[in-house]
Each structure stands twice: as structure tokens, then as C-alpha cells.
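Please read the structure below before turning to the comments.
The values are calculated or read from the model by the stated rules, or taken from the named source; none is laboratory data. Because the structure is a prediction, the values reported are computed rather than measured. Cβ atoms come from the backbone with ideal geometry, glycine included; neighbour counts cover every protein chain shown.
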Amino acid sequence: MLGNQIGEASGKLTNVKVLEYAGDRSRVEVSFQGQGKVGNIGVTDIGSYWQEVRPGGVFYGEGGPVWLTDDGEVLSWKGFGVGRSTGAGFAASFGCAGAIQTSSEGLAHLNGVVAIGEYEVDAEGNYRWTLWEWTGQG
């Protein structure tokens with residue numbers, strides 16, 4: 001069951017690099033940068049992930065951002081996502097899951113949380129994600 005919202009951010013894909021050309025199983029690396037919030041704290045959202053197309057047009061990827069908070073703390077999220085194309089260009093929608101790591105005392109409770117999210121990209125490479133805490137209670 002999903003619990004409290006952990007955070008959200010939006011921004012722009014900044015680079016796409018082909019890592020492996022293998023027809024419909026090709027793999028790319030995607031870099032991004034934006035702004036958002038984790039809890040009530042503003043963050044700069046920077047990161048990258050690799051993504052491949054699997055049979056049936058399913059996208060699978062792994063990676064994640066580093067969040068630099070407005071008050072000088074650092075958090076990272078590492079996870080995976082599964083999604084599909086939603087239109088032309090970069091347009092895609094993903095469901096994702098992962099874990100947060102930080103040495104921040106004020107955000108240390110996030111170290112023990114499974115973060116479940118939605119990640120959307122439009123045709124022009126603008127992205128938006130939202131993460132929620134998974135509580136495990138049904």
C-alpha cells in the first residue's frame with residue numbers, strides 16, 4: 001500500500017547516448033536535470049539511467065538521481081523502472097521502485113523506505129516524477 005508522498009521533481013533530459021546498438025534490444029543512457037522537493041525541502045535533481053527496449057515494446061531501465069538539497073544535504077535514489085512509449089520522440093511513462101540513501105540526520109528515516117513512483121517524459125524530453133513511501137500494509 002502506498003503511504004505518504006516522499007517527493008516530486010520536474011526538469012529536462014539533458015543527454016541521450018547510445019550504449020549498445022542491438023536493433024529492438026538497443027540500450028541508451030539518459031541524463032537529466034531539474035528541480036523539486038523531498039519532503040518540504042527543495043532539491044536540485046540530477047542523474048542518469050540506462051534503458052533498453054524489451055520484447056513487446058516494453059522499456060526497462062535502472063539508475064536514478066542524486067538530490068542536492070537547498071540546505072546542503074545529499075540524497076540518492078537507486079532503482080528500476082518498467083514502462084512504455086506514450087507517443088513520439090521521448091514520450092514514455094514508467095512505474096519505478098527503489099531505495100533512498102542519505103547521511104542527512106533530518107532525512108535519515110528515508111534510508112529504510114521503499115520508494116514507489118511514477119516517471120513521465122513528454123515528446124520534447126521534459127520529465128516529471130513523483131515518489132511515495134510503500135508501507136507494506138494492505
Determine the pairs where a residue that is surrounded by fewer than 17 Cβ atoms within 10 Å (Cβ to Cβ), located within region 113-133, has a partner that is assigned to a strand (DSSP E or B) and aromatic (Phe, Trp, Tyr) with Cβ atoms under 8 Å apart, the partner being 6 or more residues away or on another chain.
Val114/Trp134; Glu118/Phe94; Glu118/Trp129; Glu120/Phe94; Glu120/Tyr127; Glu120/Trp129; Arg128/Tyr119
Kindly indicate whether any position in region 39-56 is outside any strand (DSSP E or B), touching a Leu at 6+ places or on another chain (Cβ under 6 Å) and surrounded by 15 or more Cβ atoms within 10 Å (Cβ to Cβ).
no
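Within region 58-90, can you find the residues that are part of a strand (DSSP E or B) and among the hydroxyl-bearing types (Ser, Thr, Tyr)?
In the first step, residues of region 58-90 are kept if they are part of a strand (DSSP E or B); the result is 58-69, 74-85.
Answer for region 58-90, where residues must be part of a strand (DSSP E or B) and among the hydroxyl-bearing types (Ser, Thr, Tyr): Tyr60, Thr69, Ser76, Ser85.
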Evaluate region 2-22: report whether one residue or more is in contact with a Pro (Cβ under 9 Å, 6 or more places away or on another chain) and over 30 Å from Asp71 (Cα atoms).
no
Which condition breaks for Glu73 when tested against (1) acidic (Asp, Glu); (2) more than 20 Å from Gly125 (Cβ to Cβ); (3) surrounded by fewer than 17 Cβ atoms within 10 Å (Cβ to Cβ); (4) modelled with pLDDT of 95 or more?
(3)
May I ask you to list pairs of residues, at least six apart or on different chains, whose Cβ atoms are under 8 Å apart, with the first in region 1-15 being among the acidic types (Asp, Glu) and the second being in a strand (DSSP E or B)?
Glu8/Gly36; Glu8/Lys37; Glu8/Arg128; Glu8/Trp129; Glu8/Thr130; Glu8/Leu131
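Of all residues in region 80-103, count the ones that are surrounded by fewer than 18 Cβ atoms within 10 Å (Cβ to Cβ), among the hydroxyl-bearing types (Ser, Thr, Tyr) and over 13 Å from Asp122 (Cβ atoms). I'd like the intermediate steps shown before the answer.
Taking region 80-103 and keeping what is surrounded by fewer than 18 Cβ atoms within 10 Å (Cβ to Cβ), we get 80, 82, 84-91, 93, 95, 97, 99, 101, 103.
Then keep just the ones that are among the hydroxyl-bearing types (Ser, Thr, Tyr); that gives 85-86, 93, 103.
Filter again for over 13 Å from Asp122 (Cβ atoms), leaving 103.
Counting residues in region 80-103 that are surrounded by fewer than 18 Cβ atoms within 10 Å (Cβ to Cβ), among the hydroxyl-bearing types (Ser, Thr, Tyr) and over 13 Å from Asp122 (Cβ atoms) gives 1.
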